[in-house]
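The next block holds one structure in the form of structure tokens; read it before the comments.
The values are calculated or read from the model by the stated rules, or taken from the named source; none is laboratory data. No experiment lies behind these values; they were computed from the predicted model shown. No Cβ is skipped: glycine too gets one built from the backbone with ideal geometry, and neighbour counts run over all protein chains shown.
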Amino acid sequence: MMLAPFAAAAAAAGLLLHPASSQVGRTESAGCGKSGLVCRTVTVPLDRSGAVAGSVALHVDVLRNAGGPSRGVIFLVAGGPGQGSAEAFGLGNPEYATFFRLMFPGWTLVAYDDRGTGKSGPLECPALDVPDESDLSADQAASVVAGCADSIGPARDFYATADQVEDLDAVRQAVGADRIAIYGVSYGTKLALAYASAFPDRVQRLLLDSVVPVDRPDAFLTDELQAMPATLAHFCQTSSCRAVTPDYASDVIATANGLASAPIANAKAHLGAAEFLGLVFATDLQPGLAAALPAAVRAADDGDTGPLLRLDALASTDDAGSSAAISSALYLATTCHDGSFPWQPGASLADRDASLQAALAGTSGLLGPFGTWATDLGTAAGCLGWPTPVAGAGTDPHPLPNVPVLALSGGLDLRAPTRWGASVVGQFPQGHLLVVPGVGHSVLTMDPSGCSQRAVLHWMFGATPPKSCPAAKPFLPTVPAYPSHAPVRLDARGTRLLAEQTLEDAEAIWLLTAGSANAHLSAPGLGGGVLHARDESFVLQRYGVTPGLTLSGTVRLARDRAPMEFSGELTIGGTAAKHERVELKLNTLQP
């Protein structure tokens, strides 16, 4: 059962064929949060057909135009499904509010937590909180999912994308907007497209970041798996990466398929092929992980699995710490209701499994260089135990509106291939696609070059955006290959070289944790010692990548743009090293 690695991008199609209910309640309180933010509660029916009683109170954040003529209202829609938009965009944070006001000048900003997320009646499933889901068999995982559905009860049938679309229109009514622009990210693009199909006359323009079409992803992630080798090749264009692995894509493929037959397992850890591929998917949102993974894969190929297991443990800890931001229960409730799966609605678990196995037999050639094990990351495997009948996506009869559309695609996006954005843009006469090399998922907020931000700002004022951007520089260089054996004695040059390698590893590990729910996480060094992460600095205590050399001291972030720069004071120690105190000035160690 693999939910977390793909949750930010995966969603099944949901379509709306009926107008929104007029049963909308609202309250308003001024001064909520900071930056002039106003909070509202928009109450919507749980079941708009009226068959099941109940309602959902949607938490809505509204940040009014700061001044000057109003250009309209733009909704900020986050991904998942399972990520609350008010929580994700944080308009009460002055820094975030300033960024989005700069991106959308003259617009009133609206972000609300979708039903089942954030402050809008969040769905919770204690049954999903298993210590290590990789230890579960397929039947056990299906049982866990079934337990989640049982704990939610009949309400689980009313969290489909179609319900979310009607909620969006209810919030539109509540804020008094005749037409709205929508900025959607990942699953938020699918929701935006579904809304545009259902309410074409209510849409002013669409900004689609990391596009997921309404009929994607499929149950087995065939598009993503086919596109992965070419995308991985783009991850390793720098000289620092090529020095570690001349063919990163081949190394990843070989490691993944090798783990399918021989998982890494010991008393403390387990890493199978699907879990490893989930780690690879995560690199398009985690620049620290992207910097560290090539060296870890290289080490595993050479028989040292320690670096790979450490990254898996740190990524898993980060997922657990950020579980409040992504509701796995809501992800299941939406995806498993909307999706098109190889089994019949209402089929028993045994019949579903038989249908799934039969469908898998027909996937030969559709999964890129991977075996059928890779489909464990897909929605079919995740939804196997969900009891809600699944009707499939169907076809929406409403035409899409002829409005300005800009789609953003990251050249390193493993979850939303560029061809998805191209296919969607082709449906809009005023559509434009902007490809940003060197950036992964969620382009607008992850692009360090500023190119996509400038393009969006110009497009918002009616200019034609460019078709591509220059390749964005990585935040960090790729971590050098780890030493294959511990040094006995190092001269001055060897000491300085290994100290620099150790520092680059520490910087990547810090970036993997900084800014997350686990920003104060402590991480072990491969050769001993510990790294204590802080928001804009980290402390090393006898930290090493191999026995024989350690670093101790404090390192501070001096430049937060790409490429990042660091400063600090460090002591080099260890049995094989030349002991000395050194100063780190803008990434250069000096005596």
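Among residues of the range 244-262 being more than 23 Å from residue 483 (Cβ to Cβ) and touching a residue at least 40 places away in the same chain (Cβ under 8 Å), the one that is surrounded by the most Cβ atoms within 10 Å (Cβ to Cβ) is 256. Going through (1) at pLDDT below 95; (2) crowded, with 17+ Cβ neighbours inside 10 Å; (3) in the same structural domain as residue 586 (by TED's automatic domain parsing) one by one, residue 475 falls short only on (3).
Scanning the range 173-209 for residues that are of a type in the set (Ser, Thr, Tyr) and surrounded by fewer than 24 Cβ atoms within 10 Å (Cβ to Cβ) yields one hit, 197. Here is the figure for the range 170-202: residues that are more than 30 Å from residue 285 (Cα to Cα) and either assigned to a loop (DSSP other than H, G, I, E, B) or out of contact with any Pro (no Cβ under 6 Å at 6 or more places or on another chain) (or both) total 13.
For (1) over 27 Å from residue 159 (Cβ atoms); (2) crowded, with 18+ Cβ neighbours inside 10 Å; (3) touching a residue at least 40 places away in the same chain (Cβ under 8 Å), each residue gets a yes or a no:
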{"position": "79", "(1), (2), (3)": "no, yes, yes"}
{"position": "94", "(1), (2), (3)": "yes, no, yes"}
{"position": "97", "(1), (2), (3)": "yes, yes, yes"}
{"position": "112", "(1), (2), (3)": "no, yes, yes"}
{"position": "115", "(1), (2), (3)": "no, yes, yes"}
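Filtered by the rule that a residue be crowded, with 20+ Cβ neighbours inside 10 Å and modelled with pLDDT of 95 or more, the range 429-438 gives 431, 433, 434, 435, 436. Each residue in the range 560-584 was checked for being in contact with a strand residue (DSSP E or B) (Cβ under 6 Å, 6 or more places away or on another chain), modelled with pLDDT under 90 and over 14 Å from residue 495 (Cα atoms), and 2 of them qualify. Contact annotation: no residue pair with Cβ atoms under 6 Å, 6 or more positions apart or on different chains, pairs a residue in the range 446-467 that is assigned by TED's automatic domain parsing to the domain that holds residue 560 with a partner that is aliphatic (A, V, I, L, M) and surrounded by fewer than 15 Cβ atoms within 10 Å (Cβ to Cβ). Here the range 139-164 is the region considered, the condition is being in contact with a helix residue (DSSP H, G or I) (Cβ under 8 Å, 6 or more places away or on another chain), among the small types (Gly, Ala, Ser) and within 18 Å of residue 43 (Cα to Cα), and the residue that is surrounded by the most Cβ atoms within 10 Å (Cβ to Cβ) is 160. Being β-branched (Val, Ile, Thr) and without any contact (Cβ under 8 Å) to a residue 24 or more places away in the chain holds for only one residue in 546, 554, 575, 550, and it is 554. Where strands (runs of 3 or more DSSP E) fall wholly inside the range 480-591, the ranges with 1 or more residues that are farther than 30 Å from residue 88 by Cβ, of a type in the set (D, E, K, R) and touching a Pro at 6+ places or on another chain (Cβ under 8 Å) are 580-585.
Within the range 412-432, being touching a Gly at 6+ places or on another chain (Cβ under 6 Å) and within 24 Å of residue 287 (Cα to Cα) holds for 412, 413.
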